[in-house]
Structure formats: structure tokens, C-alpha cells
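A short write-up of the structure that comes next.
The values are calculated or read from the model by the stated rules, or taken from the named source; none is laboratory data. Since this is a predicted model, take the numbers as computed values, not measurements. Here the Cβ positions follow ideal geometry from the backbone for every residue, glycine too, while neighbour counts run over all protein chains shown. The area values use the complete protein model at the heavy-atom level, side chains included, leaving out ligands, DNA and RNA. Shrake-Rupley method; radii C 1.70, N 1.55, O 1.52, S 1.80 Å.
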Amino acid sequence: MWRGWIGLLWLCALAGCEQNNQQSAGTESVSFQPAAVDDAPAGRLSEIAYPLNYRLELRIDPRQDSFSGQVEIELELREAAPGIWLHGQSLRVSSVVLTTSAGHTTQAEYQQVLPSGVAWVGFGRTIAAGRVSLRFVYEADFDQNLAGLFKLEEQGDAYALAKSESIQARKYLPGFDQPGFKAPFNVALTVPAGYLAIGNAPEISRTVLADEFERVRFAPTPPMSTYLLSLAVGPFDVLEAAPIPASAVRAEPVPLRGIARRGRAAELQYVLDITPHYISIFEQALGRPYPFAKLDIVAAPAWPSGATELSGAITYREERLLLGDNPSPGARLGLLGIHAHELAHMWFGNQVTPPWWDDLWLKEGFATWATPMVLAQFEPDGQHDLNGLERNFQVMRTDSLASARAIREPISRNEDIRNAYDGITYSKSQAVIHMLDSYFGADKFRRALGGYLRTFADSVASSEQFYNAIGEQTGTPRLTRVLRDFVEQPGVPVIDVSLTCPSAAAPRVLLEQARYRPLGAAVKKAEKLWNIPVCLRYRQADGSQVECTLLTPENPEFVLDTDHCPDWLMPNANGSGYYRWRLSAEQWLALLADFDALTTAERMALLDSLVAAFESGDIAQALLLTGVELSAGSERRHVVTAPLSALSRYLDTLLEPAQAEALRAQLLPWYSAALRRLEQPASESEQLLKNSLLDFVALSLKDQAVRQQLSEQAMQFTGFKPAEPGGELASDLYRTALTVAVQDSDAEFYRHLIDTAGNIDDPRFAAALPVALGAFNDAALSAAARAYALSDSTGPRESFELIKSMLSQPRLRAQHWQWYQANLPAILAKIPSQWQRQTPRVAEQFCTPDKQTELEALFSQWGDQAPGHELALRQTVEAIALCAALRQHLSEVAG
């Protein structure tokens, strides 16, 4: 019966023989009432209808402008209803047929009601509870902005790919596009003959058709969410790898292959080589098998994010994987990290899925935490744990805002879903999980994770279910209390640490906590304090030791297990706690005097808290610069780079020109000496450090000798000047060198770069180029840059990168801002749709109240074209206020 209806409707769709509201032959006659906008769910759908199975057939030819097909959804109608809400966006639906469990068919009505893709399917009469099916025949245009099913051209070839996360599947599939609705997919694609078709499951048949097309069928998938759907068609090349061997927890090997655009698949050999090692580490750590029937590693010619964890077909922006024969260390490190993150999702998110986006941290936080854990086992000497800590400290700046999100908070609108994809969800979650793992013990915590995955495999689990499962698995209620405190309220705890040493008693430490508040922030007193795992290191004559406590609001005092007063106290042993801390000036100096006695992680934590204390007005600039000088003299990469971001903000945005020059004069000898020590890097870590210092010294300290060297390398690399021995440019320095060359050269080189853009087939160069093209200081180049940003020859992602770069340049920022305000609608239409919500953030580097007013007025006028922009607007307005307050503080200090 099903097969007959599919054939009839498919032929009808090709012939264009009926509209959605027309009656089909053999169906009951019904009448429909239009759905009311006010009745449409703005966010989460109810579960009155639950999908049980999808049968999807699409005709995809990336050489055309549109695609077409049909989907049959078998679903459980859990109560009698005259219709249901589901998702579909910008689809031209020609027919919807409802079939009941008794075999009765009824023509249904499809109506998209909300711009976010909420649609109503009206039955025309009340249908009893039970199993029913809906069959949609439809077509749609390929997206042009890297969302949904989009097409692109690269080196003369056309490709189509589906970017489904988070709510983009509705752009090519009517269905239930929210994570908690998991169902198997049976997919068949009709594609041009010879084109590769990629799906979530293995290909099981390929049938040659009469019109130079082929029908490709895939095996059924396990139950999965729509945001994980993979569909890709094009003249891809394939690099077959040996299957991933069976393991102690998996009986069958897993087919493995790499896929890239024509002529580039061979460059995927490295990522294919490391993949079996990663899978083995995950399976051993979690005690759970890789959950899918195959694994494709796909390098997409264009992709709006770094990668997406599509089940069995992980898809990356090609610059993250296509690194050439001799990759720079930063490029290799980036590949290692992003690949570990996406593989972690096969368990966290794909196999066990959050029911709604407010629980996004359960997949993104755990995938981010798992990345350094896996890499530390893969490369024990690679300092990957420190890379994770670096991100933990970086996110505290965002978490310091009064407008900061909690890791988990309600999401009531589809437009706000992408706002949860931020540093809070990724890096703060990682930091909190790392703190728990360190304090309560990896054996206990990771075993409990395996039990959680086992309990909810192929299903969904909310935060509440996770808390309960982890509490039961570990038998440690305190762990759950800590987790709730950090997940469900925003802000960074700051602990005021006071050491007293009574003459006849053990030393006592008073730990008084509050929410950290930088100068100018409207942060209110925390309504609820935290339960915080705190570990202290202290130094005595016979060495240092560590003691830990669970700091509670009721018990802020801690007695050390020693009879002697410590020489100093380090309030965050091993840097594993998610908090900042403040000391008396005497204690700060004592700690800085023994700086090298601290571990690398502890020195990173110290520098973060030192900068934070300065930006809250609690320490003097001289004390901060004492720490900065010690940092610059270190041989540890993460210690040297720890304060560079803050220093760049001060120099590039906050300080008046004379103050900035004075600070540069003080800093340059320290960092020039650090560069001289790295003239011949002896390791990958030293090369990474050298590249970071070259960037800082060239762009923020503006050292002319370094700038000239980098500019020459950029001009030789792009063919503007003849190549000379020793002039090679590493890909890690593309952005820095090209930026310097643009700033220090003339219009001729700028035109050369634009002309060269399509001639250098290097994905990392293509990613660096728009940032450099936006960094010019010559106002005469403005017209060319702005035209190029919005031209058809510039991709959506590249366009926004160029525009952001323009607004980050102090010299011409005011002019660019005027242009940005006048052209915001065109900019919004050009850039990737999932980035539209971020457009207020281009104003983050302004420092005056008038720009707050202008920004709010701009988005009052055009905000409806940037769905979900409200959070970015609030945070940018606040960032401007913080910038003004800190600028005032710096001026007063300098004065």
C-alpha cells in the first residue's frame, strides 16, 4: 500500500498536478480552517504527536537551483486532534496525505505559520489517537547562505550539502525538528550519475536511471534527531581507509573513509590515521562502543561552523582538515582538537540526546571536556590539558557580565536557540566538569558517565535525569549539589582569601565568596552562593603541599593541617577550580616572589586572577605589570601567552594614544627578549609560542622590524614579490602577515590580494584573507573593501569576517560604523543566517555611551531581520559600558 502511494505522489509532484489544498483522488473530502499565529508554539513543540519513522526520497542535483522530493512520516498521535504542529521553512508543499492505521486516507493541509519554520498540518476533522502517517510532496530552493540544504561552487564544480544543526533541517524536510524527537531514517537520493551521495548510514544500493541519474539508497539509521541528518551530493573524491578494528566493547569493525572535493581527498590521510586511536580511547574511557555503522570524515568546501557532528558523517569546514604535506603546528593542533570534539559527540549528543536546547550543555559541554582528556592520552606530552584550561580562563570574561547566561536556562523561542551555542555552554561547562572530575576523582566520575550513557543509549536525557543518574552512580550527593550550583546560575565566583596564623593554633584560611564584578558592571549581589570545590597549595620550609575542601556558604573557614604559617598560599591548586580569587597585597607579592615554584596551570590561574583583580579596581597597575614581566620571562608557552589578550585590549582599544605608546615601550623589551630565545624553536610548543609572540609584537606592540619581516613574507607568498630563500610563510601566520602587509603597503598590493583570492587554492589562506582585507588603515580603500564584502564573489562567511575586521580597526572604525548602520539590511541578507544574531557584536570595541545609543537604535529598526539578536545586543551594550569604565580607570592610574 505504502509503495503504491509513494509512486502516485512522486509522479504527481514531477508533473505539478496539484496544490496542497486540492483533493487527491481516492481521499476523503474535508474542509480546513487556517491556523492562528497566536496558537503557534514559538519554541518547543508539544508531544501530542511523536515521529516513529521517516522515509525520505529527494532528487538533488547541485547544478540546479532547487531540489524536490517527498517524505512519509509514521507517527504516534497520542490524543485525538484536528491537526498537529511541526516544522517546515520555505518549502513549497504541493500535497499532504494523512493515512490512518485503518488505511483511510485524507488530504491534509500544510501551512507555515511562523517565520522560524513552525507549520500547521490541518486534518480537516478530528483524528483519533493512534498510529498515522503523513506523506508530504514538496520542493524548495537550495539555500545560498550555508543553512539547510545549500549549494556552492568550488573550482568549477557544484556541490550540495545539508547543514542541519540546530534547526536548519526544516529548510529541506517537513518534520519534527527538535532534538527530543528521535526516529530512524530511511533515505533514498536521486543524484547525477557518478556523483557521490553521503548519508548517515552505509549505502546499500545504487540503481542507474534512464535520465543520467542514479538512485542511491542507504541503510536505516538508528533513532536520531533531525539536527544530525547528513545529506551531501557532488563530485567528491573518496580516500578509503582500513576499517576501525573491533574492540573489547564492539564486535564488528567500522568502515572508515575520508571525503573531500575533487582532487583533495589525499590530504585527509592524517585525520584518517588518528581516528582509530581516538575511537579506542573513547571506547575504553566510557566502556561504550562507537554507536554507528560507518564513519565518514567529510571536508566540506564551505561550512558555517568549524564542524558538525552529523552521525556517521562528521562534516568539517575544509580548512580544518586540508593542511597540506607539512602542516603548521597550530593547524595540526586545531585538527586534533576539533576532531576529538566531534567524535565525542557520537556518544554525547548523538547517542544520548538532550530533549530540548536548554540542555545543550549535556552534549557540547561534555564533548568540549572530553577533548583534552582524549588528547592527553593520545599525546601525553602535548600539553593538551593546558589548552583546555586556557579556554576555561578565557570564558570567565564573558561570564563576568551582568548579562551572562547560565549554562542551563530556559529557551522559549526558536530564535534564541543559537544563543546557547556560546562559550558558556562549551567552555564553562568544560571547566565545571573538569573541576568535578579533579575533585571527586576521575575513576568515580568517568565510570558514572559510562553508566549514564548505557542507561539512556539511543534515547534522550535532560539535566534533571543526568543529575539523578550521576548521583546514583557515584553515591555522592555533594557532587550533584556542586553541579547544579554552577550549571543553573550565571557568574564567576571570586573568593577573598585571608590567612591568619595564631601563635598557639593551626593556620586558618577564611574563604569569603561573592560574584565577581568588573568595573562598570551592573552585577547584583548573587542571590545564591556556590558550593565550590577548593584546593589550596601552600609553601613551607620543607616544600609545598595541597589541601582541599568543599567551600559552602555556611562554612567559609578552613583550618590547614600544619603547625607552621605558610610562606605563601596559592588559592587554586593545579588551576582546576572555576573561580577567581583575591589576596592582600602582601600575599600577592609573596606568591609572585616564588612564581616559578608554581605549576604551569597555577601560574595561568594566578595571571587570570591578577588581571581580574586589576579590572575590578582591587590592585595597582604596578602589581599587574610585575606579574606580566614574570610571565614574559617564562619558558612555558601557556604562561607567556596568558596575559596577551588583556594587554592587546588595553593597547588597541582602551588606552589613549600616549598611554598606549608608554605601555608599548615598557612591554616591548620583555617580549622581544622572549622572541630572541625562540629564534630556533626546538619543539612544536616553542614554534606555537613564537607564532603567538610574532602576532602580539607585530599587531599590538607594532614593532617595525617584525612587521617588515612578516610583510615581506606575505608579499612573496602571494606572488606580489619574487620568492626568496627563507621567505616561506607558515600557514599559522597567514592572518598576521597578510594583515601587516595590508596595513603597511599601498592600494596596489590590496588590489593584488583581491585578484589573487581565487587563484591560491589553500583553504587556510582563504580563511585568513578576509580578516586581512578588512584591516586596512588607508581610507581610500574603503569603497573597494565594502563593495568586495557584499559582492557575489565573496562567500557569506568571508563577507562577515571582512566586515568584523573593518570594525575592529581603530583608525577607521567611526567611518566603517557609519557604513555599517546604513547597510545593515544588505549585510544581514549576505551573511550566514545562523550568524545574523551576532551582528550587534561588531560594536564591542567602542568605548563611549553614544555608541550604546546608536547600537540600540540600529537594532530597534532592523532587529526583526536578525532573529535572536537580543542577547548579543545586551552584552555588547554592557561591553561598551565596561570598556568606558576601564578606560577611565586606566586614565586615572596613568595620571
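Out of region 166-175, which residues are open to solvent by less than 10 Å² (accessible area, probe 1.4 Å) and either touching a helix residue (DSSP H, G or I) at 6+ places or on another chain (Cβ under 7 Å) or among the basic types (Lys, Arg) (or both)?
In the first step, residues of region 166-175 are kept if they are open to solvent by less than 10 Å² (accessible area, probe 1.4 Å); the result is 166, 169-170, 172-175.
Matches in region 166-175: 166, 169, 170, 173, 175.
For region 460-495, give me the residue count where each residue is more than 18 Å from residue 361 (Cβ to Cβ) and modelled with pLDDT under 95.
The qualifying residues number 7.
Please verify whether region 548-563 includes one or more residues that are part of a loop (DSSP other than H, G, I, E, B) and crowded, with 23+ Cβ neighbours inside 10 Å.
Keep residues of region 548-563 that are part of a loop (DSSP other than H, G, I, E, B), which gives 553-554, 556, 560-563.
Now drop any that are not crowded, with 23+ Cβ neighbours inside 10 Å, which leaves none.
No, region 548-563 contains no residue that is part of a loop (DSSP other than H, G, I, E, B) and crowded, with 23+ Cβ neighbours inside 10 Å.
Working carefully through the options 792, 850, find the one that is under 27 Å from residue 764 (Cβ atoms) and charged (D, E, K, R). Let's see the steps before the verdict.
Numbers: 850 fails: under 27 Å from residue 764 (Cβ atoms).
Answer to the check: 792.
Considering only region 236-254, how many residues are open to solvent by 50 Å² or more (accessible area, probe 1.4 Å), in a loop (DSSP other than H, G, I, E, B) and within 18 Å of residue 271 (Cβ to Cβ)? Break it down into steps so the answer makes sense when it comes.
So the first thing to find is which residues in region 236-254 are open to solvent by 50 Å² or more (accessible area, probe 1.4 Å), and the list is 237-238, 240, 242-243, 245-246, 248-249, 251-253.
Applying the additional criterion that residues be in a loop (DSSP other than H, G, I, E, B) yields 245-246, 248-249, 251-253.
Of the ones still in play, those that are also within 18 Å of residue 271 (Cβ to Cβ) are 245.
So the answer is 1.
On the basis of being under 27 Å from residue 476 (Cα atoms), in contact with a Gly (Cβ under 9 Å, 6 or more places away or on another chain), of a type in the set (Ser, Thr, Tyr) and at pLDDT below 95, does residue 438 make the cut?
Working: under 27 Å from residue 476 (Cα atoms): yes; in contact with a Gly (Cβ under 9 Å, 6 or more places away or on another chain): yes; of a type in the set (Ser, Thr, Tyr): yes; at pLDDT below 95: yes.
Taking the combined requirement at face value, the residue satisfies it.
Cβ-Cβ distance below 6 Å, separation of 6 or more or different chains: which pairs start in region 75-92 with a residue that is more than 19 Å from residue 182 (Cα to Cα) and end on one that is among the basic types (Lys, Arg) and buried (at least 23 other Cβ atoms within 10 Å of the Cβ)?
The qualifying pairs are 89/170; 89/171.
Residues of region 505-554 being among the basic types (Lys, Arg) and either over 35 Å from the mean Cα position of the chain (by Cα) or at pLDDT below 95 (or both), which ones? Please lay out each step first, then the result.
To start, the set of residues in region 505-554 that are among the basic types (Lys, Arg) comprises 508, 515, 517, 524-525, 528, 537, 539.
Correct list: 508, 524, 525, 528, 539.
Say we look at region 336-359 and pick out the residues that are open to solvent by less than 10 Å² (accessible area, probe 1.4 Å) and of a type in the set (Gly, Ala, Ser); which of these is nearest to residue 461 (Cα to Cα)?
Top of the filtered list is 349.
The conditions are (1) out of contact with any helix residue (DSSP H, G or I) (no Cβ under 9 Å at 6 or more places or on another chain); (2) at pLDDT below 95, and residue 655 fails exactly one of them. Which is it?
Against the list (1) out of contact with any helix residue (DSSP H, G or I) (no Cβ under 9 Å at 6 or more places or on another chain); (2) at pLDDT below 95, residue 655 comes up short only on (1).
If you check every pair at least six apart or on different chains, which have Cβ atoms under 6 Å apart with a residue in region 864-885 that is farther than 20 Å from residue 833 by Cα first and a residue that is open to solvent by 30 Å² or more (accessible area, probe 1.4 Å) and hydrophobic (A, V, I, L, M, F, W, C) second?
Short answer, once both residue conditions are applied: 885/519.
The rows are residues; the columns are (1) small (Gly, Ala, Ser); (2) touching a residue at least 60 places away in the same chain (Cβ under 8 Å); (3) closer than 28 Å to residue 691 by Cβ.
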position	(1), (2), (3)
271	no, yes, yes
275	no, yes, yes
307	yes, no, yes
326	no, no, yes
340	yes, yes, yes
354	no, yes, no
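With the structure loaded, tell me whether residue 113 is crowded, with 22+ Cβ neighbours inside 10 Å, of a type in the set (A, V, I, L, M) and touching a Phe, Trp or Tyr at 6+ places or on another chain (Cβ under 9 Å) or whether it fails that test.
Numbers: crowded, with 22+ Cβ neighbours inside 10 Å: no; of a type in the set (A, V, I, L, M): yes; touching a Phe, Trp or Tyr at 6+ places or on another chain (Cβ under 9 Å): yes.
Answer is no for this residue.
Which of the residues belonging to region 500-546 are outside any loop (DSSP other than H, G, I, E, B), closer than 22 Å to residue 608 by Cβ and open to solvent by less than 50 Å² (accessible area, probe 1.4 Å)?
Listed by number, the residues that qualify are 509, 511, 513, 514, 515, 532, 533, 534, 535, 536, 537, 538.
Mind listing just one residue for me: the one in region 198-235 that is among the hydroxyl-bearing types (Ser, Thr, Tyr) and surrounded by fewer than 16 Cβ atoms within 10 Å (Cβ to Cβ) and, of those, nearest to the chain's Cα centre (by Cα)? Spell out how you get there, then give the answer.
Narrowing region 198-235 to residues among the hydroxyl-bearing types (Ser, Thr, Tyr): 205, 207, 221, 225-227, 230.
Filter once more, so that each one left must be surrounded by fewer than 16 Cβ atoms within 10 Å (Cβ to Cβ): 205, 207.
Values: 205: 36, 207: 39 Å.
Here the residue is 205.
Would it be correct to say that residue 302 is in contact (Cβ under 8 Å) with a residue 12 or more places away in the chain, crowded, with 20+ Cβ neighbours inside 10 Å and touching a Leu at 6+ places or on another chain (Cβ under 8 Å)?
Values: in contact (Cβ under 8 Å) with a residue 12 or more places away in the chain: yes; crowded, with 20+ Cβ neighbours inside 10 Å: yes; touching a Leu at 6+ places or on another chain (Cβ under 8 Å): yes.
Considered against the rule, which asks whether it is in contact (Cβ under 8 Å) with a residue 12 or more places away in the chain, crowded, with 20+ Cβ neighbours inside 10 Å and touching a Leu at 6+ places or on another chain (Cβ under 8 Å), residue 302 comes out as yes.
For region 847-895, what are the residues that are assigned to a loop (DSSP other than H, G, I, E, B), closer than 18 Å to residue 656 by Cβ and open to solvent by less than 20 Å² (accessible area, probe 1.4 Å)?
The one that is assigned to a loop (DSSP other than H, G, I, E, B), closer than 18 Å to residue 656 by Cβ and open to solvent by less than 20 Å² (accessible area, probe 1.4 Å): 847.
Scan region 546-566 for residues that are among the polar types (S, T, N, Q) and either in contact (Cβ under 8 Å) with a residue 40 or more places away in the chain or closer than 19 Å to residue 583 by Cβ (or both) and report the count. I'd like the intermediate steps shown before the answer.
Keep residues of region 546-566 that are among the polar types (S, T, N, Q), which gives 549, 552, 555, 562.
If we keep only those that are either in contact (Cβ under 8 Å) with a residue 40 or more places away in the chain or closer than 19 Å to residue 583 by Cβ (or both) too, we end up with 549, 562.
Result for region 546-566: 2.
Each row is one residue, and each column tells you yes or no for (1) in contact with a Ser or Thr (Cβ under 8 Å, 6 or more places away or on another chain); (2) modelled with pLDDT under 95.
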{"residue": "746", "(1), (2)": "no, yes"}
{"residue": "794", "(1), (2)": "no, yes"}
{"residue": "809", "(1), (2)": "no, yes"}
{"residue": "820", "(1), (2)": "no, no"}
{"residue": "838", "(1), (2)": "no, no"}
{"residue": "843", "(1), (2)": "yes, no"}
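Within 33 Å of the chain's Cα centre (by Cα) and either more than 27 Å from residue 521 (Cα to Cα) or without any contact (Cβ under 8 Å) to a residue 60 or more places away in the chain (or both): which single residue out of 601, 585 fits that description?
601
Residue-by-condition table, conditions (1) among the β-branched types (Val, Ile, Thr); (2) open to solvent by 20 Å² or more (accessible area, probe 1.4 Å):
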position	(1), (2)
90	no, yes
96	yes, no
129	no, yes
148	no, no
153	no, yes
158	no, no
188	no, no
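If residue 834 satisfies every condition in (1) surrounded by fewer than 21 Cβ atoms within 10 Å (Cβ to Cβ); (2) part of a helix (DSSP H, G or I); (3) modelled with pLDDT under 95 but one, which is the exception?
(1)
Can you tell me which residue in region 506-531 is farthest from residue 877 (Cα to Cα), limited to those that are of a type in the set (Gly, Ala, Ser) and without any contact (Cβ under 8 Å) to a residue 40 or more places away in the chain?
If we filter region 506-531 for residues that are of a type in the set (Gly, Ala, Ser), which is where we start, we get 506, 514, 520-522, 526.
Now drop any that are not without any contact (Cβ under 8 Å) to a residue 40 or more places away in the chain, which leaves 514, 526.
Values: 514: 24, 526: 22 Å.
Only one residue fits best here, namely 514.
Please determine whether any residue of region 564-577 is in a helix (DSSP H, G or I), surrounded by fewer than 23 Cβ atoms within 10 Å (Cβ to Cβ), under 34 Å from the mean Cα position of the chain (by Cα) and at pLDDT 95 or above. Reasoning before the result, please.
First, the residues of region 564-577 that are in a helix (DSSP H, G or I): 573-575.
Keeping just the survivors that are surrounded by fewer than 23 Cβ atoms within 10 Å (Cβ to Cβ) gives 574.
If we keep only those that are under 34 Å from the mean Cα position of the chain (by Cα) too, we end up with 574.
With at pLDDT 95 or above added as a condition, the list becomes 574.
Yes, there is a match, as at least one residue in region 564-577 is in a helix (DSSP H, G or I), surrounded by fewer than 23 Cβ atoms within 10 Å (Cβ to Cβ), under 34 Å from the mean Cα position of the chain (by Cα) and at pLDDT 95 or above.
When the residues of region 671-689 are filtered to those that are under 15 Å from residue 639 (Cβ atoms) and either among the hydroxyl-bearing types (Ser, Thr, Tyr) or under 34 Å from the mean Cα position of the chain (by Cα) (or both), which remaining residue is most open to solvent (accessible area, probe 1.4 Å)?
Across region 671-689, the extreme among qualifying residues is 686.
If residue 593 satisfies every condition in (1) in contact with a strand residue (DSSP E or B) (Cβ under 9 Å, 6 or more places away or on another chain); (2) open to solvent by less than 10 Å² (accessible area, probe 1.4 Å) but one, which is the exception?
So residue 593 meets the others, but not (2).
Residues to consider are 215, 257; find the one that is farther than 28 Å from residue 457 by Cα and assigned to a strand (DSSP E or B).
Details: 257 fails: farther than 28 Å from residue 457 by Cα.
Exactly one residue qualifies, and that residue is 215.
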